[in-house]
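Working notes, structure below.
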Amino acid sequence: MENILKLAERVDIAIEIGESYYREFKSAFEGSPNSKTPRRVPEIKYDVAKTLVAFANADGGELFVGIEDNHNVTGIPHNQNQVSEILNAPKDCILPDTPIPLKQGAVIDYKGKRVVYFSVNKGADLVHLTAKGECFQRKDRESAPTASEKITYQREEKSSREYDRQFVDLAKITDLDYELLEKVSSQISKLISPEKLLQYLDLAEFDGSSLKLRKAALLLFAKKSNKWHPRLQVRIFKVRGTEEKTGAEFNVTEVGEANGNIFQLVESSWDLLRPHLTDTKFSDDALFRNQIMYPELACREALINAITHRDYNAEGRGIEVKIFNDRLEIENPGELLSSITINDLESLSGAHQTRNTYVARVLRETGFIRELGEGIRRIFELMRNNDMVAPKIRSRNKTYSITLFYKHVYTPEELLWLEEFGHLTLSREQKTVIRLGVNGRLISAKEIFETVGIVDEKVYRELLESLRTLRILVNVYKDTEVQKLRKKYGGSKKAVPKFKIQLPASNSISELQEEDRSDYARIYVGNIPYQIKEEQLYIALAKFGEVVDVIIPRWTGGIRDGQTKGFCFVEFDKRLSANNALNSSSPILIDGKKLRLKEADKVLK
């Protein structure tokens, strides 16, 4: 019984996590901070009805009345009869012809204060309206007025919409990857066990003797995914040319197949796809060089979007990725839902609906996806920032696909600027950084990461090094100057514009590479704490000389989001300073951990 999630614990977790697409707080008071008075009960009831209708017309959610926006629990000061009236809001203030799928309505005694709690499931059959005939739908963290036509469900969508919410009688918690469950539990809340996590995220219900699991729990956490879904997979193909051919001219090769539960699939499919996003070209310096064709982050977003929103009810096929010479296509089972159009997505309005309510919620709460609707906007933004043509979305023949094209678009000013570098063999990433610095404009590290669409810190370091080797990119400010400027840019050192693009020297590339670069002093620092801050490294290494840059690779998304990968790169202003650090006889400690220093070039080889 200790694994049953109590109502008071829901309040604790809600306060810790805060409001979201699936959660809202409402105050029972009104007025200025110093003269608060109880709100009128009819107003509270209308707020309750409006919010629950919005949740039911979207993906479900929970409402707490008696908690302020700032997470303070102020409770409900009304008498018992008035509290009962508030509990009757779903019955009194929602149109009887469109009753909501109310899961729970209760009064919670939380540390001596009363909180009214409602939980509602996603509606599958009706468009829900308030007693006034008004239609609302949850959008991000608001209950927005919406035309009922936009959320009218087509009957054929019902089975796909309900797939992940169905209970599986034979499934037990022992069928799940318990270690993964523990990691996700600790990431979402320190107050919750794996069993309670499943209940809190509506992935399971306690039936009096054991936990009943939904299909979503198995899709996300199953130890043997193919036991519960035959096509929980991503297949990747390479197409030689720009069109698929058949017969004697067949030109399609399968690169590989990724399998596993959704958490495993996100990482394993990306690891499989990423090496094939490059193009090898023969450069002016007589060497074969790899360049990434598309913004990595755009490709990863598109892949995760497909895994999140595919029609899992279509068990006959999985997600397919096809890499052509001129484009990348990601296709998944299931057309767009009737409530969303291609124009809605391509207009970047943030419109969204997901058929997999429970799957999407877990991926959102664990950081694998942003706010719903942000993924498509981010993909389009990254392609535009890299001067690449807009992606193409298609929905037909029971499939949905997004295509990223390897084709650039530049403004006249940018073309003139890039022509100055025309004698160099530049990659897409290099051209993107050069374009950012058009006519002497200063660039920040943050801007390079976001505009180029870089996922890995190593890629960022190699990109900067390649531009420095060509004597194109230079630091305008020293670290001491950057430290003074960081407050102006929100306290972030990475946000300070400190790089400048200068016109290339007349030297040939081979001559530039042969020049002495002994002043460049970058070292590798290993065994760093997972929660280290840049300032700690500056302080620890400043005794050897001026530190001009610290780059700490961190995990993005998933259960380790924000943690370091255990190492970093530190750049001094002088080679002598780097040598002093490398040859130091005294151990360098941070938070009790002894740092391991090596030559950066030796580690990267």
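The values are calculated or read from the model by the stated rules, or taken from the named source; none is laboratory data. All figures in this text were calculated on a predicted structure; none of them were measured in a lab. Here the Cβ is made from the backbone with ideal geometry for all residues, glycine too, and neighbour counts use every protein chain on show.
Quick look at the numbers
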read-out	value
Tally of residues being within 15 Å of Ile342 (Cα to Cα), out of contact with any Gly (no Cβ under 8 Å at 6 or more places or on another chain) and at pLDDT below 90 across the stretch 391-418	2
Tally of residues being aromatic (Phe, Trp, Tyr) and either surrounded by fewer than 17 Cβ atoms within 10 Å (Cβ to Cβ) or modelled with pLDDT under 85 (or both) across the stretch 322-377	1
Failed item in (1) under 30 Å from Ser339 (Cα atoms); (2) within 28 Å of the chain's Cα centre (by Cα); (3) crowded, with 21+ Cβ neighbours inside 10 Å, with Gly18 passing the rest	(3)
The stretch 267-292 - residue that is modelled with pLDDT of 75 or more and acidic (Asp, Glu) and, of those, surrounded by the most Cβ atoms within 10 Å (Cβ to Cβ)	Glu267
Single residue of Gly60, Gly31 found to be over 14 Å from Val116 (Cβ atoms) and under 27 Å from the mean Cα position of the chain (by Cα)	Gly60
Residues being in contact with a helix residue (DSSP H, G or I) (Cβ under 6 Å, 6 or more places away or on another chain), part of a loop (DSSP other than H, G, I, E, B) and of a type outside the set (D, E, K, R) - total across the stretch 471-500	1
Helices (runs of 4 or more DSSP H) contained entirely in the stretch 509-605, each with at least 1 residues that are at pLDDT 80 or above and of a type in the set (S, T, N, Q)	534-541, 575-582
Any chance Asp479 is surrounded by 19 or more Cβ atoms within 10 Å (Cβ to Cβ), farther than 21 Å from Glu419 by Cα and at pLDDT below 85	yes
Checklist (1) under 22 Å from Phe449 (Cβ atoms); (2) in contact (Cβ under 8 Å) with a residue 24 or more places away in the chain; (3) in contact with a strand residue (DSSP E or B) (Cβ under 9 Å, 6 or more places away or on another chain) applied to Ala581, failing item	(1)
Only one of Leu473, Leu442, Leu503 that is under 30 Å from Asn385 (Cα atoms), loosely packed, with under 13 Cβ neighbours inside 10 Å and either in contact with a strand residue (DSSP E or B) (Cβ under 8 Å, 6 or more places away or on another chain) or at pLDDT 85 or above (or both)	Leu503
Residue among Phe405, Phe421 that alone is within 30 Å of Ala314 (Cα to Cα), of a type in the set (Phe, Trp, Tyr) and either in contact (Cβ under 8 Å) with a residue 60 or more places away in the chain or outside the structural domain of Thr308 (by TED's automatic domain parsing) (or both)	Phe405
Selection from the stretch 136-148 of residues that are over 21 Å from Lys45 (Cβ atoms), exposed (fewer than 15 other Cβ atoms within 10 Å of the Cβ) and out of contact with any Ser or Thr (no Cβ under 9 Å at 6 or more places or on another chain)	Ala147
Strands (runs of 3 or more DSSP E) contained entirely in the stretch 162-253, each with at least 1 residues that are more than 25 Å from Arg274 (Cα to Cα) and under 27 Å from the mean Cα position of the chain (by Cα)	204-206, 211-214
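To keep it simple, each residue is scored yes or no on (1) within 18 Å of Asp202 (Cβ to Cβ); (2) among the β-branched types (Val, Ile, Thr); (3) surrounded by fewer than 19 Cβ atoms within 10 Å (Cβ to Cβ); (4) touching a residue at least 60 places away in the same chain (Cβ under 8 Å).
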position	(1), (2), (3), (4)
Leu102	yes, no, yes, no
Val107	no, yes, yes, no
Gly112	no, no, yes, no
Ala124	yes, no, yes, no
Glu134	no, no, yes, yes
